[in-house]
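Working notes for the structure below.
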Amino acid sequence: MSSCIPSMLRSLAVLLAAVACLARVAAAETPSAESPALREVDATELSSLLTHALRQEWRIEDGDLVVAFDKAPPEVRIPAGEVSIRWITRLSQPSQRAFPQFELVVDGRPAGRHALPLRIEWFREVWIVESPLAVQTPLHADSLKRKRMDVLSVTGAPWMGDPTEDECTVVSPVASGSILMDRHLRKRPLIHRGETVAARLQDGSLSVEFQAVALDDGYRGGSLRVRSLLKPVEMRGKVLNETTVVVAR
């Protein structure tokens with residue numbers, strides 16, 4: 001019996017060693033709750049995250065905002081989950097060059113702070129003046145051309161109207177090759193205050209037209225107050241053209 005004990009002990013030792021080995025393998029294959037698996041955030045994803053955050057910061061709704069890096073960003077690794085950006089350095093004003101500090105946030109939890117030099121562009125379709133525009137002249141489509149440009153550093157708002165539909169007058173001179181801005185134009189009224197217009201009252205298929213005086217300047221498609229010349233009744237209508245206002249009952 002005593003001769004079997006050493007053999008049993010050797011077998012038990014081998015068994016314990018095998019169990020310990022399996023435990024080590026299982027531990028290596030099972031991620032620790034304290035050290036979750038990380039994934040890499042490449043330059044394309046990081047640029048997309050920054051672009052989205054800057055659109056919100058600067059309230060940019062149209063055009064194409066492009067964010068690029070002056071140099072390749074360092075390797076960034078974060079836990080899996082929904083990722084967003086929280087600004088540490090606020091970029092309150094649009095700028096072509098920026099060096100902001102920001103924090104990556106995953107599922108509402110901080111996942112690392114970063115600071116990167118950025119180059120930023122905002123491309124929009126704008127109107128370029130092909131021939132000089134003089135003050136007090138009507139705006140015509142044949143004096144403009146459409147062009148896609150970076151407008152991030154442009155002071156003021158480019159005019160985004162349609163020269164074939166919007167009646168506008170030039171209020172400040174514009175040089176050839178310039179971007180047409182809101183400040184260069186004023187909407188031209190189709191009807192001026194004090195003018196006599198045809199006020200058309202429609203009720204289904206019935207239409208009644210009478211003379212009225214405009215109480216304000218009126219623009220195409222806009223609202224206009226008028227007063228009937230038949231009796232002192234004030235009404236509000238929609239400007240149809242240079243001579244006609246469709247009034248409501």
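Restricting the stretch 71-86 to residues that are surrounded by 11 or more Cβ atoms within 10 Å (Cβ to Cβ) and either in contact with a Lys or Arg (Cβ under 6 Å, 6 or more places away or on another chain) or aliphatic (A, V, I, L, M) (or both), the residue that is farthest from LEU46 (Cα to Cα) is ALA80. Which of the residues spanning the stretch 133-149 are touching a residue at least 40 places away in the same chain (Cβ under 8 Å) and either on the phi > 0 side of the Ramachandran plot or surrounded by 13 or more Cβ atoms within 10 Å (Cβ to Cβ) (or both)? Across the stretch 133-149, the qualifying residues are LEU133, LEU139.
If the condition is being under 18 Å from ILE120 (Cα atoms) and assigned to a loop (DSSP other than H, G, I, E, B), then the stretch 66-87 contributes ASP70, LYS71, ALA72, PRO73. Within the stretch 19-30, not a single residue is polar (S, T, N, Q) and either modelled with pLDDT of 90 or more or not in a loop (DSSP other than H, G, I, E, B) (or both).
List pairs: first residue in the stretch 100-128 and small (Gly, Ala, Ser), second residue surrounded by fewer than 14 Cβ atoms within 10 Å (Cβ to Cβ) anywhere in the structure, Cβ distance under 6 angstrom, at least six positions apart or on different chains. Listed pairs, sorted by first residue: ALA115/GLN101. I'd like to check something: does the stretch 207-224 contain any residue that is under 38 Å from the mean Cα position of the chain (by Cα) and on the phi > 0 side of the Ramachandran plot? Looking through the stretch 207-224, at least one residue is under 38 Å from the mean Cα position of the chain (by Cα) and on the phi > 0 side of the Ramachandran plot. Does SER35 count as at pLDDT below 60 and of a type outside the set (A, V, I, L, M)? It is false that SER35 is at pLDDT below 60 and of a type outside the set (A, V, I, L, M). In this structure, GLU57 does not satisfy being outside the structural domain of SER153 (by TED's automatic domain parsing) and exposed (fewer than 13 other Cβ atoms within 10 Å of the Cβ).
In this structure, GLY204 does not satisfy being under 30 Å from the mean Cα position of the chain (by Cα) and at positive phi. In the stretch 150-167, of all residues being under 24 Å from GLY222 (Cα atoms) and under 22 Å from the mean Cα position of the chain (by Cα), the one that is surrounded by the most Cβ atoms within 10 Å (Cβ to Cβ) corresponds to TRP159. Do you know which residues across the stretch 96-111 are exposed (fewer than 14 other Cβ atoms within 10 Å of the Cβ) and either part of a loop (DSSP other than H, G, I, E, B) or touching a strand residue (DSSP E or B) at 6+ places or on another chain (Cβ under 7 Å) (or both)? Those that are exposed (fewer than 14 other Cβ atoms within 10 Å of the Cβ) and either part of a loop (DSSP other than H, G, I, E, B) or touching a strand residue (DSSP E or B) at 6+ places or on another chain (Cβ under 7 Å) (or both): GLN96, ARG97, PHE99, GLN101, ASP107, GLY108, PRO110.
Restricting attention to the stretch 211-243, which residues are over 16 Å from ARG188 (Cβ atoms), of a type outside the set (Gly, Ala, Ser) and surrounded by fewer than 17 Cβ atoms within 10 Å (Cβ to Cβ)? Result: GLN211, VAL213, LEU215, ARG227, LEU229, LEU230, LYS231, PRO232, VAL233, GLU234, ARG236, LYS238.
The values are calculated or read from the model by the stated rules, or taken from the named source; none is laboratory data. Predicted model, so just to flag it, every value in this text is computed and none were measured. Please note: Cβ atoms are built from the backbone with ideal geometry, for glycine as well, and neighbour counts cover all protein chains shown.
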